[in-house]
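Visitor: One structure follows; several queries about it will come next.
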Amino acid sequence: QVQLVESGGGLVQAGGSLRLSCAASGRTFSWDAMGWFRQAPGKEREFVTAISWDGGRTYYADSVKGRFTTSREFAKSTVYLQMNSLKPEDTAVYYCAEDSDYGLVATRPAYWGQGTQVTVSS
């Protein structure tokens, strides 16, 4: 059974930083691409970033490029989202995603976590 468990969300002031973690289990982590999405109140879920199975490729939404960084740690089967220079518009529930295909993880991933709330105050 695939499980993706996000952690690290919370309340932060604008300009601050947070690091989200997503611990994966149930699949061979080193074979799969991983991604992050977010959903703000009243809005559709949107893509944030994706990282390839080997960590060699990353892709970011324009809205977070230069501020957010994704990485993965194979020994812990964990993917991270480092978020810097946070803005109130970054407030959302952040979801971890997993898929065997790098393209699909950014569009229609097969597996989702439950999400973690990030709130950025102005």
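The values are calculated or read from the model by the stated rules, or taken from the named source; none is laboratory data. These figures come from a predicted structure and were not determined experimentally. Every residue, glycine as well, gets a Cβ built from its backbone with ideal geometry; the counts of neighbours run over all protein chains shown. Accessible surface is based on the protein model in full, side chains and every heavy atom, while ligands, DNA and RNA are left aside. Shrake-Rupley method; radii C 1.70, N 1.55, O 1.52, S 1.80 Å.
Visitor: Looking only at the range 78-89, count how many residues are assigned to a loop (DSSP other than H, G, I, E, B) and buried (at least 19 other Cβ atoms within 10 Å of the Cβ).
Guide: Residues flagged as assigned to a loop (DSSP other than H, G, I, E, B) and buried (at least 19 other Cβ atoms within 10 Å of the Cβ) within the range 78-89 amount to 1.
Visitor: Give the residue that is nearest to residue 34 (Cα to Cα), with candidates limited to residues of the range 99-115 that are part of a loop (DSSP other than H, G, I, E, B), in contact with a Phe, Trp or Tyr (Cβ under 9 Å, 6 or more places away or on another chain) and open to solvent by 60 Å² or more (accessible area, probe 1.4 Å). Can you show your working first?
Guide: Narrowing the range 99-115 to residues part of a loop (DSSP other than H, G, I, E, B): 100-101, 106-110, 113-115.
With the extra rule that they be in contact with a Phe, Trp or Tyr (Cβ under 9 Å, 6 or more places away or on another chain), the set shrinks to 100, 106-107, 109, 113-115.
Those left that are additionally open to solvent by 60 Å² or more (accessible area, probe 1.4 Å): 100, 107, 114.
Details: 100: 9, 107: 11, 114: 15 Å.
Among those that are part of a loop (DSSP other than H, G, I, E, B), in contact with a Phe, Trp or Tyr (Cβ under 9 Å, 6 or more places away or on another chain) and open to solvent by 60 Å² or more (accessible area, probe 1.4 Å), it is 100.
Visitor: Among the listed residues 92, 50, identify the single one that is touching a helix residue (DSSP H, G or I) at 6+ places or on another chain (Cβ under 7 Å) and open to solvent by less than 10 Å² (accessible area, probe 1.4 Å). Talk me through it step by step, then tell me what you get.
Guide: Working: 92 fails: touching a helix residue (DSSP H, G or I) at 6+ places or on another chain (Cβ under 7 Å).
So the residue among 92, 50 that is touching a helix residue (DSSP H, G or I) at 6+ places or on another chain (Cβ under 7 Å) and open to solvent by less than 10 Å² (accessible area, probe 1.4 Å) is 50.
Visitor: Taking only pairs six or more apart or across chains, which ones have beta-carbon atoms under 7 Å, a first residue in the range 96-115 that is at negative phi, and a second residue that is modelled with pLDDT under 95 and among the basic types (Lys, Arg)?
Guide: Close Cβ pairs (under 7 Å, with a partner that is modelled with pLDDT under 95 and among the basic types (Lys, Arg)) amount to 98/27.
Visitor: Looking only at the range 79-107, count every residue that is over 11 Å from the mean Cα position of the chain (by Cα) and of a type outside the set (A, V, I, L, M) and tell me the total.
Guide: Here the count works out to 13.
Visitor: Between a first residue in the range 30-46 that is farther than 24 Å from residue 77 by Cβ and a second residue that is assigned to a strand (DSSP E or B) and open to solvent by 100 Å² or more (accessible area, probe 1.4 Å), which pairs have beta carbons less than 8 Å apart while being 6 or more apart in sequence or on different chains?
Guide: Note: no pairs meet the criteria.
Visitor: Restricting attention to the range 18-44, report how many residues are surrounded by 20 or more Cβ atoms within 10 Å (Cβ to Cβ), assigned to a strand (DSSP E or B) and not basic (Lys, Arg).
Guide: Total meeting the criteria: 9.
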